[in-house]
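Visitor: Provided herewith is a single structure, encoded as structure tokens, for subsequent inquiry.
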Amino acid sequence: MALSLDRLGIYDPKDPLKNRLTDLGPRHFWQYFPPVIQNNYGKWAYHEVLETGILMHVSETGDKIYTVRCGAARFMTVQHVREICDIADQYCDGFVRFTTRNNIEFLVDSVEKLEALKKDLESRKFVSGSYKFPIGGTGAGVTNIVHTQGYIHCHTPATDASSMVKAVSDELFKYFQGMTLPAKVRVSMACCLNMCGAVHCSDIALLGNHRKPPIVDHEVIDKVCEIPLAIAACPVGAISPDKTPEGGKTVKIKKERCMFCGNCYTMCQALPLSDKEGDGVTILAGGKISNRISEPKFSKVVVPWLPNNFPRFSEVVEKVKKILEAYAADANKYERLGDWAERIGWEKFFEKTGLEFTEHLIDDYRLAYDTWRTSTQFKYTAAAWDVSRFAGGIE
Amino acid sequence: MPFEPNEPQKEIKYEETRIYTDAELNSCSDEELKNFKIKHQIPDLEELENGPWPSFVADAKQEALHRRKLADERMLIDRDVVEDMLGQLQVSFDDGETHWKHGGIVGVFGYGGGVIGRYSDLPERYPSIAHFHTIRVNQPASKFYNSDLLRTICDMWEYRGSGLMNLHGSTGDLVLLGTTTEQLEPIFFELTHVLGQDIGGSGSNLRTPSCCIGRARCEFACYDTQNLCYELTQYYQDELHRPAFPYKFKLKFDGCPNGCVASMARSDMSFIGTWRDSIRIDQDTVKAYIAGDVVPNGGAHMGRDWGKFDIHKEVIDLCPTKCMSLVDDELRIDNQECTRCMHCINVMPKALKPGKDNGLSILLGAKAPILEGAQMATLIVPFMKAEPPYDNIKEFIEKVWEFWIEEGKNRERLGELMQRTGLPKFLETIGLPPAPQMIKTPRENPYILWKEEDVPGGWNRNVNEYRTRHKR
Ligand code: HEM
Ligand code: HEM
Ligand code: HEM
Ligand code: HEM
Ligand code: SF4
Ligand code: SF4
Ligand code: SF4
Ligand code: SF4
């Protein structure tokens, strides 16, 4: 059946129910498995990373499948996807897959096809010179940075996603193309903490963060919002009912209570938060999700705020590199970033990375006490001597 | 075919579905692209065309030029959408603020989700993106495609939308970014009729489930992740399209505790493959690893010289439960003590395999930080067989939903509700006995919420009777 060319296609606005198909669900996966995967489904015996970006999976039957993993911006145009299809048609019988972290995977069943495919992929560049299909993202390195929409398509971001990810990925490119780190490092990016911004289990997480409380659009708030819902949305009870001079219904914000979560704006468009000076980037580190050796854990805030320095985010890039380089130099083989920080102690983490420790990094939200040190076991760093000096304990 | 689709699958042949001719598709030369400037000034974005990582700006400009070359009747929304989108993005950088308006309710008839309304707040400057709605397209399990399917989506989307998309959105859907309200229903009809394909979820309903690559290409997978994901997506279509929940609900499927789709961190109900017998050991291959004949960890560390493989330092001593030993070059694992962390298997995938008696663990209640802080999923069901038609799993899911729909407040995620009611009450409601596997440690405070029926004689006591024993 051909795609329709009519303006409204097969849809009849006079009778919306006519010919309506619903609840079809996704297309079934089996038809999109290449034959070698169909034949060896569930029979894979082991895998090997032959070189960065190239995986070989070997089946009990002796069959082999070679995967070439390529980085990609998850924001793509149909023209780029068509080029992916051209490659898939030329080398992979039309099949292609995408990974959870937005990499593209081309699968072939022989070394000869693999070599030709690799050459072709490496040669493809955008006219401005950046790779279209950089090969990498396997093993003990940095793979594609997952991210959210940002200024490209969302109404609540405190920063932009695609540009920051591009800037950081350019700088971490050698880690994408080399497996030189002690373990894999997952970098993630979300442009606000409110919604999809659950970057909280990544080795390094970049998070857009607001710093100014909402402004109230008194003129329209009563018309465009359910005021009680906006009040109820605030987790710290900073919003209360108020009257405008004209006697209309509105709200007031207890600004010193606000934790800048944006939940009120989610519920009510008359309470915008974003602001050029206020908005910026928070960096978290040391989270993981695999159950390997240690349990999954949350990332911790290690840099409270950096400016939105579009388009290259030089401060963000610099801090990310500091963290990565200190980790690369000091961690043991197989040790994830968070496991390393815990082994050496967070006080040593700040010493080795050179990141500044400020009061903003000490939890003062609910259950904060769980993160305070209730022990005499600590290591001495310059920060400890500073405290001792201030306390009058030493000269 | 080992797995049968629940819906008949119409075959898609691009030669039959296509809109554009080869000449139309290949209308731009590199030379033209090099010299191409969009109609707005975008200096910061042009900076992002440099550097080795794939440039989304360079890509967007390809599409902008491509749209300029198509004839007027070869697209149904404005030619300038991509250029206006880039123009607005540059202004967002200048202003340090987004220029997308807050939401707006749009959708397709009868569905509560899958479409997200999006409007520019600079419609005079960027008229072609005044309406710029998102459509979430439910991806095939673990995101395998063929070019016929993708090319058909591309033609449909360039004709009826912006030609911009995400492969993929964070939930897993293939995301189409930017079309007008008028085109939403026509696109839905093209998707269902021509592509045999539904849209995904958004809003207070079941979100598009997603899974790891599993047995299609991973030797660690302990159950059929794609099949379970597909089956439940199909079985719960009603829950996916018609909001009847207090808030969103996510199902994600990892084939083993390595957790490649991060289900433990980002799904209300997380399914993680596991086994209950013993890790399979091929002793000869273990010896080959010890001898240095096989590269450890599948070669994942080859970029650096870490020295000769040392099975004690790299495996046995790192085992979190210290349940491994080497006796006369024979690797022993005390499987009763093993917590199936995957480390030893990851390091020696050629010699060690997960057990054969497989199933999955179910963990509940992960959520993002808002409001009370992030929650990681809590282990509730240690082991469950996962075989079609998965009735045991469906029954469990429905019990949990019943509890959540009954007790949950508006916009309360399952994890928050479990905290509010407490794990003991939750277990009682869904009919599971408590077990030490569900906790890290027993409670540290003694504030036990005894119930009246726990205590002989109940709580109604007579103070006069008390006073017969104790003077005032
Ligand atoms: C910056 C990187 C990341 C971004 C941009 C991101 C984005 C998102 C988005 C859009 C959602 C909604 C998810 C969905 O519908 O499936 C989400 C949910 C979530 N993500 Fe991430 N994610 C990132 C990395 C991670 C990582 C690496 C983990 C853990 C390993 C994680 C943990 C979570 C959690 C716990 C949720 C659940 C939130 C909820 O459903 O309440 N995120 N994330
Ligand atoms: C009522 C609250 C929320 C509203 C109004 C909302 C609205 C939005 C909007 C406007 C987008 C951008 C979509 C686009 O234009 O492409 C979005 C994306 C998304 N949101 Fe939400 N969101 C809410 C809560 C959440 C939460 C709590 C999560 C998960 C933790 C979440 C998960 C997602 C995901 C997965 C996406 C897709 C993002 C991507 O793939 O980049 N949303 N949401
Ligand atoms: C350290 C333990 C881990 C090991 C040994 C491991 C192993 C693997 C293997 C062998 C694959 C390839 C499967 C295949 O596609 O053939 C894979 C893929 C993947 N892994 Fe892991 N994994 C580990 C941890 C993680 C963690 C912690 C994450 C996420 C936070 C993760 C995310 C992924 C993803 C997303 C894929 C699919 C490929 C991709 O999307 O890039 N893995 N993993
Ligand atoms: C398992 C439950 C508990 C046991 C077995 C227990 C036992 C004791 C004992 C033996 C003492 C020492 C009494 C003395 O000096 O003669 C004590 C003191 C005390 N207990 Fe508890 N206790 C329990 C729970 C609690 C709880 C729940 C609280 C508070 C709500 C509490 C507050 C105190 C206080 C304030 C003291 C006095 C401490 C002081 O000397 O300053 N206890 N407890
Ligand atoms: S993280 Fe926040 S700002 Fe970014 S796309 Fe998601 S909801 Fe929008
Ligand atoms: S941003 Fe969050 S804390 Fe601040 S007023 Fe709004 S809801 Fe309350
Ligand atoms: S979660 Fe386990 S089974 Fe699934 S792809 Fe990752 S390593 Fe393989
Ligand atoms: S899976 Fe983990 S706990 Fe079990 S033997 Fe291997 S290293 Fe030890």
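Visitor: When you look at the Cβ of every residue in B:27-35, what mean number of other chain Cβ atoms sits within 10 Å?
Guide: Working: counts 0, 2, 1, 3, 1, 1, 3, 3, 1.
Shielding by partners across B:27-35 averages 2.
Visitor: While we're on this one: Given contacts defined as C-alpha pairs under 8 Å and at least six residues apart, what's the relative contact order of the range B:340-472, whole-number percent?
Guide: Working: 90 pairs, mean separation 22.8, N = 133.
The value is 17 percent.
Visitor: Continuing with the same structure: What distance in nm separates the two pseudo spin-label positions at residue A:377 and residue B:312, each 7 Å out from Cα along the beta-carbon direction?
Guide: The two pseudo-label positions are separated by 2.4 nm.
Visitor: Highest first, please rank the peptides B:458-469, A:312-323 by the mean number of other Cβ atoms sitting within 10 Å of their residues.
Guide: Working: B:458-469: 8.0, A:312-323: 19.5.
With the highest mean Cβ count within 10 Å placed first, the list reads A:312-323, B:458-469.
Visitor: Now for a different question. Using mean Cβ contacts within 10 Å as the protection proxy, how do B:435-445, B:374-384 order, highest first?
Guide: Working: B:435-445: 8.8, B:374-384: 19.5.
So the order, starting with the most tightly packed, is B:374-384, B:435-445.
Visitor: Okay, moving on. Give the angle, between 0 and 90 degrees and rounded to the nearest 10, that separates the Cα long axis of helix B:147-160 from the longest principal axis of the Cα atoms of chain B.
Guide: Taking the Cα atoms of chain B, the angle to B:147-160 is about 60 degrees.
Visitor: Cα gyration tensor of the protein assembly as shown, axes a ≥ b ≥ c as square roots of the eigenvalues: rounded (a/c below 1.5), prolate (a/b > b/c) or oblate? Present the calculation step by step, with values, prior to reporting the outcome.
Guide: On the way: a/c = 1.33, a/b = 1.11, b/c = 1.20.
Rounded, because the longest to shortest axis ratio a/c is under 1.5.
Visitor: Additional query: In a Gaussian network model over chain A where Cα atoms closer than 10 Å are linked, find which of A:182, A:307, A:13 has the largest mean-square fluctuation.
Guide: A:13
Visitor: Give me the orientation-averaged projected area of the Cα convex hull of the range B:264-307, in nm², one decimal. The partial results should precede the final answer.
Guide: On the way: hull surface 22.4 nm².
That works out to 5.6 nm², a quarter of the Cα hull's surface.
Visitor: Once you sort the root eigenvalues of the Cα gyration tensor of the range B:328-393 as a ≥ b ≥ c, which label holds: rounded (a/c under 1.5), prolate (a/b larger than b/c) or oblate (the other case)? Present the calculation step by step, with values, prior to reporting the outcome.
Guide: Numbers: a/c = 2.85, a/b = 1.58, b/c = 1.80.
Oblate is the answer for the range B:328-393, as a/c is 1.5 or above yet b/c matches or exceeds a/b.
Visitor: Multiplying the sequence separation of residue A:277 and residue A:385 by 0.36 nm and subtracting their Cα-Cα distance, what value in nm do you get? Present the calculation step by step, with values, prior to reporting the outcome.
Guide: Numbers: separation 108, 0.36 × 108 = 38.88 nm, distance 3.43 nm.
Contour length minus Cα-Cα distance gives 35.4 nm.
Visitor: Provide Rg and Dmax in Å for the range B:280-353, with only Cα atoms included in the calculation.
Guide: Considering the range B:280-353 through its Cα atoms, Rg and Dmax are 11.6, 36 Å.
Visitor: Return, for the Cα atoms of chain A, the radius of gyration and Dmax in Å, separated by a comma.
Guide: Values for chain A (Cα only, Rg and Dmax): 25.6, 86 Å.
Visitor: Still on this structure, please answer the following. Top mean-square fluctuation among A:280, A:129, A:53, Gaussian network model of chain A, C-alpha springs under 10 Å?
Guide: Residue with maximal mean-square fluctuation among A:280, A:129, A:53: A:129.
Visitor: Which of these, A:279, A:12, A:339, has the largest mean-square fluctuation under a Gaussian network model of chain A (Cα springs below 10 Å)?
Guide: Fluctuation is largest for A:12.
Visitor: Now a separate question. Can you tell me, using C-alpha contacts under 8 Å and at least 6 residues apart, the relative contact order of the range B:280-353 as a whole percent?
Guide: Working: 73 pairs, mean separation 33.0, N = 74.
Computed over the range B:280-353, the figure is 45 percent.
Visitor: I've got another one for you. So what is the calculated 222 nm ellipticity per residue for chain B, using -39500 (n - 2.57) for each DSSP H run with n of 4 or more, over all residues, to the nearest 500 deg cm²/dmol? Let's see the in-between values first.
Guide: Values: 17 runs with 140 residues, N = 472.
Theoretical 222 nm ellipticity from helices: -8000 deg cm²/dmol.
Visitor: Using only DSSP helix segments of four residues or longer, with each worth -39500 (n - 2.57), what per-residue ellipticity at 222 nm results for chain A after dividing by its residue count and rounding to 500?
Guide: -7500 deg cm²/dmol
Visitor: Averaged over its residues, how many other protein chain Cβ atoms are within 10 Å of peptide A:159-166's Cβ atoms? Don't skip to the answer; put the middle values down first.
Guide: Numbers: counts 2, 6, 0, 8, 9, 0, 2, 10.
That average works out to 5.
Visitor: Using a 1.4 Å probe on the protein chains only, how many percent of the accessible area of the range B:254-322 belongs to carbon and sulfur? Mind showing how you got there, number by number?
Guide: Working: 1460 of 2800 Å².
Exposed carbon and sulfur together represent 52 percent of the surface.
Visitor: Still on this structure, I have one more. Checking a compactness column here: for the range B:14-194, what do you get for Rg(Cα) / (2.2 N^0.38 Å), N being the number of residues? Walk me through the numbers before you get to the answer.
Guide: Numbers: Rg = 16.4 Å, N = 181, 2.2 N^0.38 = 15.9 Å.
Here the Cα radius of gyration is 1.03 times the empirical estimate.
Visitor: Still on this structure: Output the lone cysteines of chain B: those with no second cysteine's C-beta under 4.7 Å from their C-beta.
Guide: B:28, B:154, B:218, B:222, B:256, B:319, B:323, B:338, B:341, B:344
Visitor: Can you give me the C-alpha center-to-center distance between the range B:178-223 and the range B:286-354, rounded to a whole angstrom?
Guide: The distance from the Cα centre of the range B:178-223 to that of the range B:286-354 comes to 39 Å.
Visitor: Give the average over all directions of the projected area of the C-alpha convex hull of the range B:56-102, one decimal, in nm².
Guide: Details: hull surface 15.9 nm².
Across all orientations, the range B:56-102 yields a mean hull projection of 4.0 nm².
Visitor: Under a Cβ-Cβ cut-off of 9 Å, what is the net charge of the residues other than residue A:185 that fall near it, where Lys and Arg count +1 and Asp and Glu count -1? Could you put the intermediate results ahead of the total?
Guide: On the way: positive: A:184, A:186, A:336; negative: A:203.
Cβ neighbours under 9 Å give a net charge of +2.
Visitor: What translational D, rounded to a whole number of µm²/s, comes out for the range B:239-335 from Stokes-Einstein when the hydrodynamic radius is the Kirkwood one over Cα pairs, at 37 °C and 0.692 mPa s?
Guide: Working: Rh = 16.9 Å.
Translational D for this selection: 194 µm²/s.
Visitor: Separate question: Relative to the first principal axis of the alpha-carbon coordinates of chain B, what is the inclination of helix B:81-95, with its axis defined by its Cα atoms, in degrees from 0 to 90 and to the nearest 10?
Guide: Roughly 60 degrees between the two axes.
Visitor: Would you give the gap between the C-alpha center of the range B:1-73 and the C-alpha center of the range B:400-435, rounded to a whole Å?
Guide: 47
Visitor: Could you work out the percent of alpha carbon pairs in chain B separated by over 28 Å, rounded to a whole number?
Guide: Details: 71218 of 111156 pairs.
So the pairs more than 28 Å apart make up 64 percent of the total in chain B.
Visitor: Another question, then. What percent does the relative contact order of chain A come to when contacts are Cα pairs within less than 8 Å and at least six residues apart?
Guide: Numbers: 686 pairs, mean separation 43.3, N = 395.
Contact order relative to length: 11 percent.
Visitor: What pairs in B:356/B:440; A:297/B:10; B:322/B:385 have C-alpha atoms more than 32 Å from each other?
Guide: Working: B:356/B:440 28 Å; A:297/B:10 44 Å; B:322/B:385 28 Å.
Result: A:297/B:10 exceed 32 Å.
The values are calculated or read from the model by the stated rules, or taken from the named source; none is laboratory data. Owing to the predicted nature of the structure, the values given are computational and were not obtained by experimental measurement. Neighbour counts are summed over all protein chains in view; Cβ atoms, including those assigned to glycine, are modelled from backbone coordinates with ideal geometry. The accessibility values were calculated without ligands, DNA or RNA, using every heavy atom of the protein model including side chains. Shrake-Rupley method; radii C 1.70, N 1.55, O 1.52, S 1.80 Å.
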